[in-house]
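So the structure is just underneath, and the comments pick up after that.
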Number of protein chains: 2
Amino acid sequence: MQTEAMTKATQARTLKTRARLLEAARQAVEEQGYPGLRTEEVVKRAGTAKGTFFAHFPDKEALLDHLIGEDIDGILEEMEALPAPKTVPDLIESLMPLVTYMAQDRDIFDVIIRRSGAAAIEEIGPIAVTFERQFGIFIHWLSNPAFRQDVSPDLLAEGVQAFLVQAVALNFCALHNTIALPDRLLPYLEAWLIPGPQSS
Amino acid sequence: MQTEAMTKATQARTLKTRARLLEAARQAVEEQGYPGLRTEEVVKRAGTAKGTFFAHFPDKEALLDHLIGEDIDGILEEMEALPAPKTVPDLIESLMPLVTYMAQDRDIFDVIIRRSGAAAIEEIGPIAVTFERQFGIFIHWLSNPAFRQDVSPDLLAEGVQAFLVQAVALNFCALHNTIALPDRLLPYLEAWLIPGPQSS
DNA sequence: GGATGGAATTGACCGTGGTCAATATCTAAT
DNA sequence: ATTAGATATTGACCACGGTCAATTCCATCC
């Protein structure tokens, strides 16, 4: 009973403040974009003091984590509604919303990478949660005779994540960004998901 | 002729200052580690003003880039002296110095990832150079009948880099760091480099 | 309707990376 | 030697994320 009592104490005010901060942050991102997001700006819009912000979020990145996590969740929603792809090009097409989002901005990409794994077991951030969800989708998609069967779908899914990150990272690189993302992904995923048949 | 004249002007002083800054930074890293590195500290040790630091390096990360680049270069030196591995476990063993270095600290890993691709064609940072070098080594190692031949060694090398990054990243993740790095790499690289033979 | 104690909020303050106009130093031409 | 012009250096200054002791707010109990 203590537990509930403890978590209940004075929550109304807190939740409202948190909501105001998030709303303010959304607006700020809308206008300035993620790279231009300043905590001062968020706080000003929310009408709170700076300290309040940091009472609600451990640091600025935690806010980004939250916002980006929501974005990605929306994208995964769409992806889950899609039929399981049966070929690699189909798979890539299905992946594109996610890939495009991650590739839109270097800052966002960095945050995603940094928070994609839980930093501590106790607190798994929103982005980390979306990565687990992503992982589940991939496993589902790859449990399909159209793709290789000699290794587990789990392993295939981890590989897809690895190649996806690699492709986006290389896309940010001036030396290697002449090739479009889907075209870069194709050879990776063909070789990973359907080895053997092709020759070169 | 202008070009040479321009690059030659007043270099002695500059080079000395730069050397002092780098030396100071090395010392600071030695004592405080990379995460504890402060530009103020570097500048104090070098006996220069803060502005001088930023006249020599565009930002702090460029200094880290330089230092880490040197570290990695040393590791690649060793790796190049090694005989080309003929099995996946051998390959992993050969990779371990590099993997261990990248996995030693989250800050270092982040910088490595962020700078592993050139941000602009004109200025390829030290870490980006080491990644090209790495790439060359991998291509050499993987041009070997012991590994799959149905795709190009280039593609294999890119895949190895992708899995290597993935393995280290997961190692920083509280949810997935119960498994040792070499053990995590093994299934990835077996499935990537020697597909087919195994089952299940 | 006080009194009490815990939780939320405040805002002055700090640390650190990065800037820039002013200054000092160097090179080369006369 | 002098001077002009370029280059290197300086350090006060700013921006921005993050801290914390003080204060306000609020539920609860008498």
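The values are calculated or read from the model by the stated rules, or taken from the named source; none is laboratory data. Keep in mind the model is a prediction, meaning the values are calculated, not measured. Cβ sites come from the backbone with ideal geometry, for glycine too, and all protein chains shown count toward neighbours. Remember, those area values only see protein heavy atoms, side chains included, never the ligands or the DNA or RNA. Shrake-Rupley method; radii C 1.70, N 1.55, O 1.52, S 1.80 Å.
In the set (1) touching a residue at least 40 places away in the same chain (Cβ under 8 Å); (2) open to solvent by 40 Å² or more (accessible area, probe 1.4 Å), the condition left unmet by B:D154 is number (1). Among the candidates A:D110, A:D154, single out the residue that is within 13 Å of the chain's Cα centre (by Cα) and among the acidic types (D, E). Exactly one residue qualifies, and that residue is A:D110.
Considering the range B:24-41, and only residues there that are within 14 Å of DNA strand D (Cβ to nearest atom) and part of a helix (DSSP H, G or I), the residue that is farthest from the other protein chains (Cβ to nearest Cβ) turns out to be B:A24.
Restricting the range B:158-199 to residues that are of a type in the set (A, V, I, L, M) and in a loop (DSSP other than H, G, I, E, B) leaves a set whose member that is farthest from B:Q104 (Cα to Cα) is B:I194.
When A:Q161 is tested against the conditions (1) without any contact (Cβ under 8 Å) to a residue 60 or more places away in the chain; (2) more than 19 Å from A:L189 (Cα to Cα); (3) under 12 Å from the mean Cα position of the chain (by Cα), the lone failure is (2).
Condition test on B:P58, is it under 17 Å from B:G125 (Cβ atoms), free of Cβ contacts under 8 Å to residues at least 60 places away in the same chain and not in a helix (DSSP H, G or I)?
For B:P58, the condition - under 17 Å from B:G125 (Cβ atoms), free of Cβ contacts under 8 Å to residues at least 60 places away in the same chain and not in a helix (DSSP H, G or I) - is met.
You will find that of A:L170, A:L186, the residue that is more than 9 Å from chain B (Cβ to nearest Cβ), under 30 Å from B:E122 (Cα atoms) and open to solvent by 20 Å² or more (accessible area, probe 1.4 Å) is A:L186 and no other.
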